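Visitor: Would you mind keeping the following structure in view while I ask a few things?
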Amino acid sequence: MKTFAKFIEEAYDAAFMSGAQVIRTGAGGRIGAERRKTAPERKRTKRGEGGTTLPAKPYKPRKDIGTPKPASTRVQEPTQERGSRDVLARAAAAAREERMKAAKARAAAKSSGQDAPKAKPKPRTKELEQQATKIISNKKEAEPKGEKDERMTKYQYTRKEKKRMVQAGKRLESDIIKGRDKPASHYQPKTGP
């Protein structure tokens with residue numbers, strides 16, 4: 001009969017017992033489970049010809065599947081060791097300067113017979129943390145986009161129909177530049193496949 005200690009030795013591998021990080025890869029070498037929705041779960045649709053609605057194609061798998069994404073790619077890492085002397089010295093000098101300014105302001109107020117200025121409230125740690133994350137983050141802020149044509153955003157036209165409209169507009173523009181005079185029906189977007 002096996003003892004419990006013997007069973008444990010056989011049941012678990014050495015890497016797991018040592019506490020090493022075990023990364024299990026899924027299908028296609030991905031790290032972790034695949035969270036893609038199945039066909040009936042998908043809610044995205046696209047517009048078909050004549051205003052019909054068709055199910056959208058599933059997304060292609062990303063090219064960087066299986067490569068771990070370290071935090072250094074998303075967040076700026078500190079350039080110096082935490083608590084290094086020059087960082088501490090700079091922080092102490094700034095605090096000293098702030099205290100001296102406050103003392104001078106109090107002395108000036110006292111000599112002129114006014115009330116001493118109240119100390120400004122210190123920001124909370126959560127607010128400081130949010131400010132620090134904004135400063136450190138490498139991500140760029142989204143640029144404001146121009147105004148969109150309302151009928152285009154309401155998904156009334158398919159991709160092909162939109163392309164035909166653009167081509168008709170380009171025909172009109174080139175004809176105006178070249179001085180050609182054609183009827184308006186010539187610039188109507190073509191219909192059909």
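Visitor: Between 61, 78, which is assigned to a loop (DSSP other than H, G, I, E, B) and at pLDDT 80 or above? So that I can check it myself, show each step before the final result.
Guide: Values: 78 fails: at pLDDT 80 or above.
Being assigned to a loop (DSSP other than H, G, I, E, B) and at pLDDT 80 or above holds for just one of 61, 78, which is 61.
Visitor: Only one of these is outside any loop (DSSP other than H, G, I, E, B), out of contact with any His (no Cβ under 8 Å at 6 or more places or on another chain), of a type outside the set (Val, Ile, Thr) and modelled with pLDDT of 90 or more: 163, 170. Name it.
Guide: Checking each option against the conditions leaves just 170.
Visitor: On to the next question. Look through region 173-193, keep the residues that are at pLDDT 80 or above and basic (Lys, Arg), and return whichever of them is nearest to the chain's Cα centre (by Cα).
Guide: Just the residues of region 173-193 that are at pLDDT 80 or above, to begin with: 173-188.
Still in the list and also basic (Lys, Arg): 178, 180, 182.
Working: 178: 46, 180: 49, 182: 49 Å.
Here the residue is 178.
Visitor: I would also like to ask the following. Would you confirm whether or not region 132-142 contains a residue that is touching a strand residue (DSSP E or B) at 6+ places or on another chain (Cβ under 7 Å), at pLDDT 65 or above, surrounded by 11 or more Cβ atoms within 10 Å (Cβ to Cβ) and under 29 Å from residue 45 (Cα atoms)?
Guide: The answer is no; no qualifying residue exists.
Visitor: Pairs please, first residue from region 71-90 and within 16 Å of residue 133 (Cα to Cα), second anywhere and part of a helix (DSSP H, G or I), Cβ atoms under 7 Å, 6+ apart in sequence or on different chains.
Guide: 75/136; 76/136
Visitor: May I pose another question? Taking the condition of being over 22 Å from the mean Cα position of the chain (by Cα), exposed (fewer than 12 other Cβ atoms within 10 Å of the Cβ) and more than 19 Å from residue 160 (Cα to Cα), how many residues in region 38-63 meet it?
Guide: 5
The values are calculated or read from the model by the stated rules, or taken from the named source; none is laboratory data. What you are looking at is a predicted structure, and each value in this text was computed from that prediction instead of being measured. Positions of Cβ are generated from backbone atoms using ideal geometry, with glycine treated the same way; all protein chains shown enter the neighbour counts.
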